[in-house]
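The values are calculated or read from the model by the stated rules, or taken from the named source; none is laboratory data. All values reported here derive from a predicted model rather than from experimental measurement. Heads up, the Cβs are rebuilt from the backbone with ideal geometry, glycines too, and the neighbour counts pull from every protein chain shown. These accessible areas exclude ligands, DNA and RNA; they are computed on the full protein's heavy atoms, side chains included. Shrake-Rupley method; radii C 1.70, N 1.55, O 1.52, S 1.80 Å.
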There are 2 protein chains.
Amino acid sequence: MSQQHLIGIDIGGTTVKIAFVTYKGDILHKWEIPTDKEEGAIGIVPDIAASIEEQLIAQSLQSKDFAAIGVGAPGFIDVESGIVHEAVNIGWKNYHLSEKLQEATGFKVWVENDANLAALGENWKGSGDQAQHMLAVTLGTGVGGGIIANGQLLHGSNGTVAEIGHMTVETENPLPCNCGKDGCLETVASASGIAKIATLEIKDGKSTKLSSILDRQGSITARDVFQAASEEDQVAQDVLAYVIDHLGRAVANLAIALNPSKIVIGGGVSKAGDQLLLPLRAAFDRYALTRTSQAVEFEIASLGNDAGVIGAAYLAKRK
Amino acid sequence: MSQQHLIGIDIGGTTVKIAFVTYKGDILHKWEIPTDKEEGAIGIVPDIAASIEEQLIAQSLQSKDFAAIGVGAPGFIDVESGIVHEAVNIGWKNYHLSEKLQEATGFKVWVENDANLAALGENWKGSGDQAQHMLAVTLGTGVGGGIIANGQLLHGSNGTVAEIGHMTVETENPLPCNCGKDGCLETVASASGIAKIATLEIKDGKSTKLSSILDRQGSITARDVFQAASEEDQVAQDVLAYVIDHLGRAVANLAIALNPSKIVIGGGVSKAGDQLLLPLRAAFDRYALTRTSQAVEFEIASLGNDAGVIGAAYLAKRK
């Protein structure tokens, strides 16, 4: 009998992504269902179970073709027990996800933080290239991450591992962060942070083509800042230089601790590609030890939104 | 037959520390020999072998009572091959330490970086209390560290893991570091960094009782700064507040990435005890996520100079 397949699930605030994944990490079939957050989000697990049942039939597959389920959720997870301590975006608090999902589906279930699973997915089948020591940095609405060290995903002691968006990186002119602290990496290098810094420059009276976008649309995006910078807008270029210097220093400080061979940059901001990656590498090299720099390759994440379900499948495979 | 003992070795720039250690981690016998750095330091391995031979006889022990040797050396180590890529303080470059020591002693030999082994030692038998997730911070002449994550010592990809003394923590008024960069943690929080910052304050004309020590002795030490601060000297207190704020932020940033349950502070500066630890904890809590803080206990390292040989013995035990 060939190796059984795996089911990877990535629970987000808006949708739940689900995939049937082969033992080698290829997606056989993937789909999404809406995240039902009503009444303490108790509908999510039965929705997932019913949806898997449906799709097994639709794909002419059977339960016995699958070994286990891996599932990622946002928030603080106890990976041993499978309990979600707190997932603010979903509404779960001390929710025994692994037990509930196991009861509902009949499969063995393994749970991890969603950002960690995205890092694991990139490591297994994406840009991480199965590096034994890898740092994943996700620059989206917030800034998150995941760490592979000694060939393993790091879990940490109470579910806050790799919360790198909350490293304090700015003490001179810190902006307030959603976490309650000031000057977190997330206030500088997330999509919303970049937009906010540029907006403050405009409101400060700086002359930039971003002003007209702000006037017209009521807000600007990180993408607008990258676009303006590529068109030689000095203010946009200065904002990105500031952002990338701080991001490069934070990532270099992490790399000095972790000594990775791959740093994988994902999230919406990473769509800027080389416009981000080349100056980021230069900033990193300014702050890293020479030998630390020599060990590292930077890559843009390659799996996009599939990273979570593929990482979840790998979690199920490894357990 | 009872479990075999282990031999732990800690090679430093001045002395080589050697210990016979039980399988449970108790030191049966320990001694030191001078580090012979003449002629490319090729005498160290034969010196160690002869010394072990001698001490086995003196202690009425035999080779067969021991399972293996673990050895720590300063510098960049390839733990797989046992090659010391570069150990500047010793004089080795691409030196196959495990092979040479195995040939000279007949024992199986495992090699690691000395700071990493000190962390491992504290984790096994010292203040780390076998925590699965631990950060060791050594504040000595320089600043070093070691990381235990998922219950394992982290190795990194080319021997620079946990070189936390070279995280960039000061960008406003950075001092030059021996590594060639500016503003490294080591320039702020090492014994020499603290002394230098205080000396610059004196030379800047600040009124402090440290001035007379500088006049009398030609230099001041970190210990002088702690002493003066405990006697209400405002300049010394300001220097320590600055140092500890930067150290607390750096350690918080690492803890946000690694989510440890123990942070063990060692090295000469840690002899300040609660005078360091209490404000350090407060600084850490200013910069860490609340949940990250909740997971962590701070401890002063308890094994002193034995941490290296005990960690080395544990390395031999685990392999």
Legend entry - Amide H contacts under 5 Å for B:Q152, placed H, 5+ residues apart: none
Inset, instruction - Return one number: the angle in degrees, 0 to 90 and rounded to the nearest 10, between the long axis of the Cα atoms of helix A:274-287 and the longest principal axis of the Cα atoms of chain A. - result: 80 degrees
Legend entry - Radius, Kirkwood style, for segment A:13-128 when every pair of distinct Cα atoms is counted (Å): 14.7 Å
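Calculate, for the protein assembly as shown, the solvent-accessible area per residue in square angstrom, rolling a 1.4 angstrom probe over the heavy atoms of the protein chains. Present the calculation step by step, with values, prior to reporting the outcome.
On the way: 26250 Å² over 638 residues.
About 41 Å² of surface per residue is accessible.
I'd like the per residue volume of the convex hull spanned by the Cα atoms of segment B:265-319, given in cubic angstrom.
Numbers: hull volume 5.5 nm³, N = 55.
Taking only Cα atoms, segment B:265-319 has a hull volume of 100 Å³ per residue.
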Inset, instruction - Would you please state the base-10 log of I(q)/I(0) at q = 0.16, 0.19 1/Å for segment A:77-229, with intensities from the Debye formula using one equal scatterer on every alpha carbon? - result: -0.98, -1.16
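How big is the charge dipole of segment B:130-301 about its Cα centre, in debye rounded to the nearest 20, if each Lys and Arg gets +1 on its Cβ and each Asp and Glu gets -1 on its Cβ?
Working: 13 positive and 18 negative charges, 62 e Å.
Computed about the Cα centre, the dipole is about 300 debye.
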Legend entry - FRET efficiency, A:Q132 to A:D36 (Cβ-Cβ, R0 41 Å, nearest 0.05): 0.55
Legend entry - segment A:85-163: translational diffusion in µm²/s, Stokes-Einstein, Kirkwood Rh over Cα pairs, 4 °C, 1.567 mPa s: 94 µm²/s
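Wrap a convex hull around the Cα atoms of the protein assembly as shown, take a quarter of its surface area, and give that in square nanometres. Walk me through the numbers before you get to the answer.
Numbers: hull surface 134.6 nm².
Mean projected area for the protein assembly as shown: 33.6 nm², to one decimal.
Calculate the dipole size of segment B:181-243 relative to its Cα centre from +1 charges on Lys and Arg beta carbons and -1 charges on Asp and Glu beta carbons; express the result in debye to the nearest 20.
On the way: 7 positive and 10 negative charges, 38 e Å.
Computed about the Cα centre, the dipole is about 180 debye.
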Inset, instruction - Treating the angle as unsigned and between 0 and 90°, give the value, to the nearest 10°, between the Cα long axis of helix B:307-318 and the longest Cα principal axis of chain B. - result: 50 degrees
Legend entry - In order through segment B:208-219: 3J(HN,Hα) via Karplus (6.51 cos²θ - 1.76 cosθ + 1.60), integer Hz, x for Gly, Pro: 7, 5, 5, 4, 5, 5, 4, 4, 6, 9, x, 7
Legend entry - Rounded accessible area of A:D65 (nearest 10 Å², 1.4 Å probe): 40 Å²
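Run the accessible area of segment B:254-319 with a 1.4 Å probe and give the carbon-and-sulfur part as a rounded percent. Intermediate values should be presented prior to the final figure.
Working: 1150 of 2460 Å².
Summing carbon and sulfur atoms, their accessible area is 47 percent of the total for segment B:254-319.
Need one number: convex hull volume per residue for chain A, Cα atoms only, in Å³. All intermediate terms of the calculation are to be shown ahead of the outcome.
Values: hull volume 45.6 nm³, N = 319.
Given the Cα convex hull of chain A, per-residue volume reads 143 Å³.
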Inset, instruction - Would you tell me the accessible area of A:K317, worked out with a 1.4 angstrom probe on the heavy atoms of the protein chains, in Å² to the nearest 10? - result: 60 Å²
Inset, instruction - With everything on Cα atoms, drop me the angle between helix A:114-125 and the longest principal axis of chain A, reported from 0 to 90° to the nearest 10. - result: 80 degrees
Inset, instruction - Just need log10 I(q)/I(0) for segment B:130-301 at q = 0.11, 0.14, 0.15, 0.19 Å⁻¹, Debye formula, equal scatterers on the alpha-carbon atoms, no solvent, rounded to two decimals. - result: -0.45, -0.71, -0.81, -1.23
Inset, instruction - Putting +1 on Lys and Arg Cβ atoms and -1 on Asp and Glu Cβ atoms, find which of B:I310, B:L210, B:G273 reaches farthest to the positive end of the dipole of chain B. - result: B:I310
Inset, instruction - May I ask you to report, in nm to one decimal and beginning with the shortest, the distances from B:Q59 to the same position in the other copies, taking label points 7 Å along Cα-to-Cβ? - result: 5.9
Legend entry - Helical mean residue ellipticity (222 nm; -39500 (n - 2.57) per DSSP H run of 4+; nearest 500) of chain A: -12500 deg cm²/dmol
Inset, instruction - May I ask you to report, in nm to one decimal and beginning with the shortest, the distances from B:L278 to the same position in the other copies, taking label points 7 Å along Cα-to-Cβ? - result: 5.5
Legend entry - Distance in nm between pseudo-label sites at B:Q3 and B:K64 (7 Å out along the Cβ direction from Cα): 2.1 nm
Inset, instruction - Note down, for segment B:195-265, the three equivalent ellipsoid semi-axes (square root of 5 times each alpha carbon gyration tensor eigenvalue), biggest first, whole angstrom. - result: 30, 11, 10
Inset, instruction - Find every distance from the label point of B:G40 to the corresponding label point in the other copies (7 Å from Cα along Cα→Cβ) and write them in nm, one decimal, shortest first. - result: 7.2
